[in-house]
Amino acid sequence: MRKRLLVLEDGTVFKGYGFGSPRETIGEVVFNTGMTGYQESITDQSYNGQLLTFTFPLIGNAGINRDDYESIFPTTRAVIVKEFARRPSNWRSQMNLDEFLKEKDIPGLTGVDTRRLTRVIREHGAMKAILTDDTRSIEDITYQLSQAKLPVNQVEQVSTTRPYVSPQNGRKVVVVDYGLKHSILHELNKRECHVTVLPHDTKAETILNLKPDGVMLTNGPGDPKDLPQAHEMVRELQKHVPIFGICLGHQLIALANGAETYKMTFGHRGFNHPVREIATGKIDFTSQNHGYAVSDESVNKEELMITHVEINDGTVEGLRHRHHPVFSVQYHPDAAPGPHDGAGLFDQFIELMDAWKVENKDA
Amino acid sequence: MQKSSKIEVVNEAAIERALTRITYEIIEKNKGVEDLILAGIKTRGVFLAHRIAQRIGQLEGQTVDVLELDISLYRDDREDGADEKQSTLSHTPAIKGKKVVIVDDVLYTGRTIRAALDAIIDLGRPDKILLAVLIDRGNRELPIRADFVGKNIPTSREETIQVSLKETDEADQVTIIKTP
């Protein structure tokens, strides 16, 4: 294996061995604390443009299977591991991580002390990093990194460009794709929803003309403030139809209703984030993947109600609109990978759509 | 002969969700919880009222009074005892000028709610009376409707809806019992 380097913006250098694609890559380096589910994480479009570090020391031991894709064309920039399993052992496995990353043209780096890397990120915050061959001088690499600009059109890169349908008999749900995970469609289909997936820049009018029973705003990568047209769309849509937002969708709902979002130091990425539902006091362990969050003080309490908070750092994790049939969570109730504590939120969405239909059938 | 069948229609998680949603709706509709009183109808309505009050406490940081309403003397199928009405109601918070939310488990004919309205009016003149029910099963005999509904379950008169709550029963559950 070829020796390769990971150089961070603050000058820290990690040496390791390359696997997967031999490409050079630049992106934001982030860490995921999940112990399982690397296939779902790597194919999660919320990791678009990011160098994904796994804190768990052995990755790839169950190989890659045909069931667990969260997207077909993942856009994670790189995968950084302590050790990757060359020979996977699982009855579902179809290839090892190396073959998979080669096929998807994603570079990998192994032999890195990912826990030290995590400590560096926790201290300095998520930052730019470059993964490159070690034949070049560090000064040269650092200069290249300092000049690099990360793209801001991340949602555009991962959203579908054409509408498509995931058919099922039942309620008509429009899903606005900001980088959706397949498991969201799976959860909706399972609950008898006929799903129409639309591109991220769809106008509110187009959606309303489909007469949906409800609209789902998906997860996605990047800064929610880069999508002003989506805020406009949500503002218009929420007057007419129930909306459920997950992750980026949650942030868009917050921004559309006057709240602010901010970039977190190192985000929440993992499956062990405890979230309290304020009303019942019940704690759910949740799957999360977000680098931005809704600012607590900015929430207009006349318009929105905070329903869920993260108990480690108090981040706003759930919102509900006081006047419109709208609610959202920052975490992933689709839980792929992760604990299924939040799955009831999809049922809540179904109940909301059904109740709204009864109330508005005369209108 | 066919045996009667018992089917679970609402499970524990769905009951919790329904109560949480009703709580949100009560707060939203009243624009806060000032002057709010929850009046649970004995037996299970009282438990539901306490659960909602607890949620309101966590969300708004304010305690809401829960009134335990025994309406047995106000029932319209009762022929005696009309004079003893007052004595059955334990001392209660003043409800004059308050917003009272009646809480019950199942809304069916509406006769229980009518009795509850009488019972409340005997205690004073509230500003407003609202109704929250966990299950609305239809088949009304009086012009009464609920403001907050956990779940609509259209039923026939031959069926029975049974609400079990942990406070008195084994588990949180709503079942529908069909006798052929």
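The values are calculated or read from the model by the stated rules, or taken from the named source; none is laboratory data. Since this is a predicted model, take the numbers as computed values, not measurements. Every residue, glycine as well, gets a Cβ built from its backbone with ideal geometry; the counts of neighbours run over all protein chains shown. Protein only, heavy atoms only, side chains kept; ligands, DNA and RNA dropped before computing areas. Shrake-Rupley method; radii C 1.70, N 1.55, O 1.52, S 1.80 Å.
For the range B:103-110, indicate whether the set of residues that are assigned to a loop (DSSP other than H, G, I, E, B) and of a type in the set (D, E, K, R) is non-empty.
No, the conditions are met nowhere in the range B:103-110.
The residues on offer are A:His200, A:His240, A:His231, and the sole one that is out of contact with any strand residue (DSSP E or B) (no Cβ under 9 Å at 6 or more places or on another chain), open to solvent by 10 Å² or more (accessible area, probe 1.4 Å) and in a loop (DSSP other than H, G, I, E, B) is A:His240.
The residue pairs whose first member lies in the range A:9-28 and is surrounded by fewer than 21 Cβ atoms within 10 Å (Cβ to Cβ), whose second member is acidic (Asp, Glu), and whose beta carbons are closer than 8 Å, counting only pairs six or more residues apart or on different chains, are A:Lys15/A:Asp134; A:Ser21/A:Asp105; A:Arg23/A:Asp105; A:Glu24/A:Asp133. The number of residues in the range B:4-51 that are over 19 Å from B:Ala119 (Cβ atoms) and in contact (Cβ under 8 Å) with a residue 40 or more places away in the chain comes to 21.
If a residue must be in contact with a helix residue (DSSP H, G or I) (Cβ under 9 Å, 6 or more places away or on another chain), surrounded by fewer than 21 Cβ atoms within 10 Å (Cβ to Cβ), closer than 21 Å to B:Asp172 by Cα and within 14 Å of another protein chain (Cβ to nearest Cβ), how many such residues does the range B:25-50 contain? Matching residues across the range B:25-50 total 0.
Among the residues of the range A:272-299, which ones are closer than 20 Å to B:Arg21 by Cα and not β-branched (Val, Ile, Thr)? Residues satisfying the conditions are A:Arg276, A:Glu277, A:Ala279, A:Gly281, A:Lys282, A:Asp284. What do you reckon, is A:Thr261 touching a residue at least 60 places away in the same chain (Cβ under 8 Å), in contact with a helix residue (DSSP H, G or I) (Cβ under 9 Å, 6 or more places away or on another chain) and β-branched (Val, Ile, Thr)? So A:Thr261 fails the test.
Is it the case that B:Lys166 is in contact with a Phe, Trp or Tyr (Cβ under 9 Å, 6 or more places away or on another chain), open to solvent by 20 Å² or more (accessible area, probe 1.4 Å) and within 14 Å of chain A (Cβ to nearest Cβ)?
yes
Residue pairs, Cβ under 6 Å, 6 or more apart or interchain, first in the range A:168-181 and within 18 Å of A:Lys357 (Cα to Cα) and basic (Lys, Arg), second at pLDDT 95 or above and part of a loop (DSSP other than H, G, I, E, B). List them. Partner pairs satisfying both residue conditions: A:Arg171/A:Asp213; A:Lys172/A:Pro212; A:Lys172/A:Asp213.
For the subset of the range A:210-222 comprising residues that are in a loop (DSSP other than H, G, I, E, B) and of a type outside the set (Asp, Glu), which member is surrounded by the fewest Cβ atoms within 10 Å (Cβ to Cβ)? Per the criteria, the residue is A:Lys211. Test B:Ala94 against the stated conditions and say whether it is modelled with pLDDT under 90 and in a loop (DSSP other than H, G, I, E, B). Yes; evaluated as a whole, the condition is true for this residue. Residues that are among the hydroxyl-bearing types (Ser, Thr, Tyr), open to solvent by less than 30 Å² (accessible area, probe 1.4 Å), under 12 Å from A:Leu97 (Cα atoms) and in a loop (DSSP other than H, G, I, E, B): does the range A:48-63 have at least one? No, every residue in the range A:48-63 fails to be among the hydroxyl-bearing types (Ser, Thr, Tyr), open to solvent by less than 30 Å² (accessible area, probe 1.4 Å), under 12 Å from A:Leu97 (Cα atoms) and in a loop (DSSP other than H, G, I, E, B).
Considered as a group, the residues in the range B:2-13 that are more than 17 Å from the chain's Cα centre (by Cα) and either within 11 Å of chain A (Cβ to nearest Cβ) or part of a loop (DSSP other than H, G, I, E, B) (or both) include one that is farthest from A:Glu277 (Cα to Cα), and that residue is B:Gln2.
Take A:Lys225 and decide whether it is open to solvent by 10 Å² or more (accessible area, probe 1.4 Å) and free of Cβ contacts under 8 Å to residues at least 60 places away in the same chain.
The answer is yes for A:Lys225.
Of the numbered criteria (1) in contact with a Gly (Cβ under 7 Å, 6 or more places away or on another chain); (2) part of a strand (DSSP E or B), the one A:Val29 fails is (1).
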